[in-house]
Amino acid sequence: MAVPIVIGPGRGLRLWLAPGLLLAACLLTAGARAVAARAEQCPQRDRFQEEMVLKPLGSGDLAASFQFHTRWDAELSQRDGGKSKVSHYRLFPKSLGQVISKFSVRELHLSFTHGFWRRGGWGQPFQQTPPGAELWVWFQPSVSCVDTAWKELTNVLSGLFCASLNFIDSTNTVTPTASFKPLGIINETDHKYLRYAALPREIVCTENLTPWKKLLPCGSKAGLAVLLKAERLFHTSYHSQAVHVRPVCRDQLCTSTSWELTQSLSVVFDLYASGSGKREWSLFKMFSRTLTEVCPLASQSTIYVDITDKDKANDTYELMPPAPMRLNTTVHGRSRSYAVYNLLNPNLYSISSQSLNIALKWKLSKQFVLPEEPVFHAERYVSGFGLQTGKINTLIYNNHPSRSFPVLLMEIVPWYLRLYVHTLTINTKGKENKPSYIHYQPAKDRERPHLLEMLIQLPANSITKIGIEFERALLKWTEYPPDPNHGFYVSSSVLSALVPSYVPMETNSTKPAPLFTRLFPCSDSSVYFVRLYTEALLVNLPTPDFSMPYNVICLTCTVIAVGYGSFYNLLTRTFQVVEPSGGLAKRIANAIRKLRGVAPI
C-alpha cells in the first residue's frame, strides 16, 4: 500500500537547503501529491474480512465458527476463448484464481468434514456440510466438454488441498436438475453445466488444513487464523472446513461483478472431555493461544459471542473482558444477541501482555439449558436383514406449529444398490404424500449412480417418512476395498427448503450484519433458506471369504509340486544296477563267524 510522504519545509529549512536540494524536495512533494490523488480516484480493488462466532450449546459443548471473506475485484468478462487473463493478485490466492480462470469456473464449493452435526443437542448450524468431502461446481457456458473439465478440475483440487478428490469419477458424479442452484448473482437454469460429487469416506486431517490456511492473506501468522492450531482443532467432536467461490455485485446497482472467496471453519469443543469439567472456557483453554495482533490486510476483524441465554434463570455467566458492544439480529428465524469484540480497537488488548483472551465464567452452579428444537431436521437409516435386500428410510421433521412448507430432497445411491422404484412410499400422518415434482435417473453398473429428486410438501407439526427398497449386488473380487467387512458408504441425502421464521427477519443489506449471514441471503423476511444433510449410511454387501483363494492357491501349488515333481523325477532319472562289494561290515561279520567256527559269507 502506497504511503504518501508529505514534505513541508519550514522557514529555517529553507535557509539551510541548497537550491538543488530545494528543487528536488519540490519535485518529491509534487510526486507524492499526485500519488495521493490517484489513490483517492482508484480505491482498493480487494478487501479482506474475518470473524469468529462463539456459541455455548445446550449440551455443554462450545461451537466456534470462523469466517474469512476475500473480495477480488477482477472482471468476469470471458474473452480470448473463454478465459480471462488476470495478473493482479493482492489478497485473493493466486493458486485458486488460476484454477478458476483455467477451467472457466462460475462457482466452486468444496468442504471437508469430520463428524456429524447433532441437531438435536446442538441446534441449527450456520452452514452444514456432509461427512467426508463434498464438491459441486458451476462451469461457464464457454466450456465445450463439461465432463473433461470436471475430471481435470478434481485432479487439480486434489493436489491443491492434499485430498483424495482424484477418486471422483462417473460412478459418484451426478448432474442435479433442481438442487444446488447458484449462490452468486448469475441466474443459470441450464443444469448441464453443474456437477456434484461426494466422498463420504474421506478422512480429514492436518494435510487438508495446512493448504486451506495458506489461502488466507496473512496465513496463520496474524489475525484470527493464529488460533487455528491443528492439534487443538482435530481434538474436537466436530470439525468442518469449506471453501466457497462465487460472483457477487461490486456495488449497489450491480453494474460490475467481483469474485468472493469465503473460507469457513467450524469446530465443536467438548469442554468435559478436554479435562476442564466445567462449561467455563477461554480462548487459551480452547486453542492454546491468545490474540496478539490483527491481520494488517483485514478491513474487519470481529469476534461474536452468543449471549442469548445469559438473562435466563439459572443460566447466568460473565464475559471477561466485558464486550464494548451488543448486537441483536435474527439468525435462522430466531432472535439472537451477540457480544461484539472489534479486534481493530487497540483498547481491547491487555496493556501488560498486549494480548486478548476472551473468557466466560459462570455465576451459578447450574450450567445447562434445554436445547432449542430445530424447526426442520431429518434423519436416515437402513432397515432389513440379510445380505440380499434392504430398505432406505428417511424421516423429515417439520416442528413448526402452524405453517407448512415444501422441501426438495436429493438422494444419490451407488449403482451396487439396485433400487426398486416401484416400492417408493411417502407417508405423512398415516396418509400418502404425493410429491409435486419427481426426477429419477437410473444407475448404470460401474458407470453412474442413482439420482432421485423430489419436491415434497411438509404439513405443520408432522413427520414424513420416505422409504425405498433395494437389492445388494455381488461385486467382482477386484472391486472390493482392502477392508470389505467395514462396509460401503452411501453419501448423505440433501434437503433444501425455505423454512418459516418465528420472527420477522431483517432483509436490509445496508445494515451491518455478521458475515455468516451472507452466504444464503433471502429477500423474503418471513422465511430463511436451509440446506441440511442426513447421516451417511454404512451398508454391508455380500462379501466372499477372501481367505479361500489363498487356501486354494496353497493347495493347488502343493498338489502341482508333489505330483508334477514326482512325475518329472521318474521321467528324467536313470537307474543302474550296482554290484555288492565287500566292505568293513562284511569283514567284521566274517571274523565273528570264524571265531564261532562258522563258514564265512
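The values are calculated or read from the model by the stated rules, or taken from the named source; none is laboratory data. The structure displayed is predicted, hence computed values, not measured ones. Cβ sites come from the backbone with ideal geometry, for glycine too, and all protein chains shown count toward neighbours. Just the protein is used for accessible areas: all its heavy atoms, side chains included, with ligands, DNA and RNA removed. Shrake-Rupley method; radii C 1.70, N 1.55, O 1.52, S 1.80 Å.
Extension gain for the segment A585 to T206, taken as residue separation times 0.36 nm less the Cα-Cα distance, is 128.4 nm to one decimal. Once both labels are positioned 7 Å from their Cα atoms along Cα-to-Cβ, the gap between Q441 and Y89 label points is 3.3 nm. Net charge of the neighbourhood of K213, taken over other residues with C-beta under 15 Å away and scored Lys/Arg +1, Asp/Glu -1, is +2.
Peptide packing: for 56-64, 231-239, the average count of neighbouring Cβ atoms within 10 Å per residue gives the ranking 56-64, 231-239, highest mean first. Label-to-label distance for H486 and F546 is 1.1 nm, based on points extended 7 Å past Cα in the beta-carbon direction.
Taking each of K444/K476; K229/K285; K55/K363; K285/K363; K55/K181; K221/K361 in turn, the alpha-carbon distance tops 24 angstrom for K55/K181; K221/K361. Distance between the pseudo-spin-label points of F284 and Q388 (7 Å out from Cα toward the beta carbon): 6.6 nm. If the segment from Q252 to T556 were pulled out straight at 0.36 nm per residue, it would be longer than the present Cα-Cα gap by 101.6 nm.
Highest-first packing order for the peptide set 218-227, 133-142, 472-481, 561-570 is 133-142, 218-227, 472-481, 561-570, based on the mean count of other beta carbon atoms within 10 Å. The accessible area of I588, taken with all protein chains in place and a 1.4 Å probe, comes to roughly 90 Å². Net length available on complete extension from D270 to N569 is 100.4 nm, with 0.36 nm assigned per residue and the Cα-Cα distance removed.
In sequence order, the stretch 207-222 has phi-based couplings of 4, 7, 6, 4, x, 5, 5, 5, 6, 6, x, 9, x, 10, 8, 8 Hz under the Karplus curve 6.51 cos²θ - 1.76 cosθ + 1.60, θ = phi - 60°, and Gly or Pro positions carry x. Magnitude of the charge dipole for the stretch 95-204, about its Cα centre and with charges confined to Cβ atoms of Lys, Arg (+1) and Asp, Glu (-1), is about 220 debye. For the stretch 239-308, the dipole from Cβ point charges (+1 on Lys and Arg, -1 on Asp and Glu) about the Cα centre works out to 140 debye, to the nearest 20. Shown in residue order for the stretch 391-406 are the 3J(HN,Hα) couplings computed by the Karplus curve 6.51 cos²θ - 1.76 cosθ + 1.60 at θ = phi - 60°: 8, 9, 10, 10, 10, 10, 10, 10, 8, 6, x, 9, 10, 9, 7, x Hz (x for Gly and Pro).
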